[in-house]
Amino acid sequence: MPLNLVGIDDVLGKTIMKFENFDDRTYDHIEGWHINDDAPASSLERKFPYIDNGTDIHDAARYYDPKIAQLEWDRLWTRVWTIAGRVSDIPEAGDYFTYALGPESFIITRTNDGDIAAYYNVCQHRGNRLVLDEFGSTEHFTCVFHSWQWNLDGTLNQITDRETFRAETIADNPPLASVTCDTWGGFVFINMDPDCEPLANFLSPVADQLAPYRFEDMVVVKDVQTWWPANWKTALDAFMESYHVHSIHSEILGFYDDYYQQWDLMGNGMSRMLMEFGTVSPRLDDQDTVNEGLQGMLADAGLDPSKYKGPASGVRRAIQDHKVAQMKADGTWLDGLVDNQATDDWAFYIFPNVTLNIHPEGFLMQRFRPDPKDPEGFIYDIEVILHPVEDAIIPMYMGVEEGTDCSGKTRPERRHIKRGEPGLGSVLEADSILIPVVQQGLKSKGFGGLRFSEQEQRLRHLHAEIDRYLSGEK
């Protein structure tokens, strides 16, 4: 059911759903909704204790004020772990990729002894960017300006016309400036703070929960980068809640419960949102028909929709039973997962700027990076990362085009697209229209600040963690 994007009027003109099918449960913000009321305390589905981040109305200046953007750079981005890329992109000695964050650029490479190293992407002669491309392989890093050259381990290899330098100027044989790096789940993380906490400590709130998916065994099958005219947090906020889905993405409500979701808050600003797929949203009038969306989910799971004779409310369970049995039979079901993970979207947030929408087959990663010159702009990275298979069943909102190689035999090139160009998929394209409009409204003299519901508690949680960095508490 693709969304036909003609312009902003398409999105703004959607009909707000009715609220006639909600059950009689009263929402308790401490207890919250549970995706599985019977989940034991040791289960991946367990409900985490509520973290109360208050009820303050947030000043919108954090989304556009250059002074706050600078404070974020000084006290957050230069001190926190961020995902730079995938280990699989540097399998051999000399392989490298570059990673830009704010005004900085970094080189991540595989050294001759097999280690992974990260350096500031800057020549120690006159400050030229040492590497200009995004991916590559080399024996040495050579500056194109004056041919100074460094080894893969960062040591200086060559100074052109060395004899013309006075000895005191180059006595230290300047190495490349290194930056702390570590790996987890097949990702390379970097941290500009030489005194940073270990990556394992930073990720401890989510690492055990994500371990059963075996991220390290997955491969990139889609890699898209674009730029949107909005603050990085304006966009991140939108992908941390489902409150907007009934209005912006109503085409998916036939097979997606956008209301009864489990929100869990954790330490270090991390959080997750567990969302049922294969279930009709309570906002729709028709709760009984096995609609087109549910039929599509049955078909994607390998079931013939025409042969399904159960009720709409049984589709999710039917898909789980079939997929789990099938994946166990072919050896692709992962130990440690629960049945609900066969259908549902488990959306994790890794502070400060990455969301993961996860399924047993793989996940959609979204990364939000600040524009170094404009607090009302951000770089939006999308990668789809899957367990390598010849034929993958991929949730439609991930926007993976038909015919994509999911075997891991080839690494797709990174596509740089402009906002509005095809490549994101229908759901994300709708967001690309609305998020810049939100950014415009945030600066209105008539706007009194952001008021978060409990459906948006993950937003309040991430902003509380950001504030801890900006205030100097962390």
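Here 427, 400, 438 are screened, and the one residue that is touching a Phe, Trp or Tyr at 6+ places or on another chain (Cβ under 7 Å) and among the β-branched types (Val, Ile, Thr) is 427.
If only residues of the stretch 118-136 that are of a type in the set (Gly, Ala, Ser) and in contact with a strand residue (DSSP E or B) (Cβ under 7 Å, 6 or more places away or on another chain) are counted, the one that is nearest to residue 108 (Cα to Cα) is 118. Hey, can you tell me all the residues within the stretch 244-288 that are in contact with a helix residue (DSSP H, G or I) (Cβ under 6 Å, 6 or more places away or on another chain), at pLDDT 95 or above and not in a helix (DSSP H, G or I)? The answer is 254, 255, 258, 263, 265, 266, 270, 271, 278, 279, 280, 288.
In this structure, residue 326 qualifies as polar (S, T, N, Q) and more than 25 Å from residue 246 (Cα to Cα).
For the condition touching a residue at least 60 places away in the same chain (Cβ under 8 Å), more than 17 Å from residue 435 (Cβ to Cβ) and surrounded by fewer than 23 Cβ atoms within 10 Å (Cβ to Cβ), what is the one hit in 229, 282, 305? Quick ask: steps written out before the conclusion?
Values: 229 fails: more than 17 Å from residue 435 (Cβ to Cβ); 305 fails: touching a residue at least 60 places away in the same chain (Cβ under 8 Å).
Matching residue, one of 229, 282, 305: 282.
Out of everything in the stretch 232-279 that is among the polar types (S, T, N, Q) and out of contact with any Leu (no Cβ under 6 Å at 6 or more places or on another chain), what residue ends up being surrounded by the fewest Cβ atoms within 10 Å (Cβ to Cβ)? Only one residue fits best here, namely 247. Per this entry, residue 367 is counted among residues that are of a type outside the set (Phe, Trp, Tyr), assigned by TED's automatic domain parsing to the domain that holds residue 232 and in contact (Cβ under 8 Å) with a residue 60 or more places away in the chain. With the requirement that a residue be under 20 Å from the mean Cα position of the chain (by Cα) and either in a loop (DSSP other than H, G, I, E, B) or more than 17 Å from residue 233 (Cα to Cα) (or both), what does the stretch 421-453 give you? 422, 423, 424, 425, 426, 427, 429, 430 - these are the residues of the stretch 421-453 that are under 20 Å from the mean Cα position of the chain (by Cα) and either in a loop (DSSP other than H, G, I, E, B) or more than 17 Å from residue 233 (Cα to Cα) (or both). Identify all residues within the stretch 143-196 that are farther than 21 Å from residue 87 by Cα, touching a strand residue (DSSP E or B) at 6+ places or on another chain (Cβ under 9 Å) and among the aromatic types (Phe, Trp, Tyr); write none if there are none. Listed by number, the residues that qualify are 148, 150.
Only one of the numbered conditions (1) assigned to a loop (DSSP other than H, G, I, E, B); (2) modelled with pLDDT of 95 or more; (3) hydroxyl-bearing (Ser, Thr, Tyr) is not met by residue 306, and that is (1). Among the residues making up the stretch 126-139, those that are touching a residue at least 40 places away in the same chain (Cβ under 8 Å) and not hydroxyl-bearing (Ser, Thr, Tyr) are 130, 134, 135, 136, 139.
Within the stretch 331-347, residues that are buried (at least 16 other Cβ atoms within 10 Å of the Cβ) sit with their Cβ atoms under 8 Å from residues that are β-branched (Val, Ile, Thr) and in a loop (DSSP other than H, G, I, E, B), at 6+ positions apart or across chains, in these pairs: 340/35; 344/35.
Of the residues making up the stretch 168-182, those that are within 22 Å of residue 104 (Cα to Cα) and out of contact with any Leu (no Cβ under 8 Å at 6 or more places or on another chain) are 177, 178, 179, 180, 181. When the stretch 137-167 is filtered for residues that are of a type in the set (Ser, Thr, Tyr) and farther than 23 Å from residue 106 by Cα, the ones remaining, listed by number, are 160, 164. In the stretch 177-201, the residues that are charged (D, E, K, R) form Cβ pairs under 6 Å with partners that are in a helix (DSSP H, G or I), at six or more places apart or across chains, as follows: 182/199.
Could you check the stretch 166-195 and list, in sequence order, the residues that are assigned to a loop (DSSP other than H, G, I, E, B), surrounded by 18 or more Cβ atoms within 10 Å (Cβ to Cβ) and over 16 Å from the mean Cα position of the chain (by Cα)? Answer for the stretch 166-195, where residues must be assigned to a loop (DSSP other than H, G, I, E, B), surrounded by 18 or more Cβ atoms within 10 Å (Cβ to Cβ) and over 16 Å from the mean Cα position of the chain (by Cα): 176, 179, 192.
The values are calculated or read from the model by the stated rules, or taken from the named source; none is laboratory data. Source: prediction; values computed, not measured. Note that each Cβ is placed from the backbone with ideal geometry, even for glycine, and that neighbours are counted across all protein chains shown.
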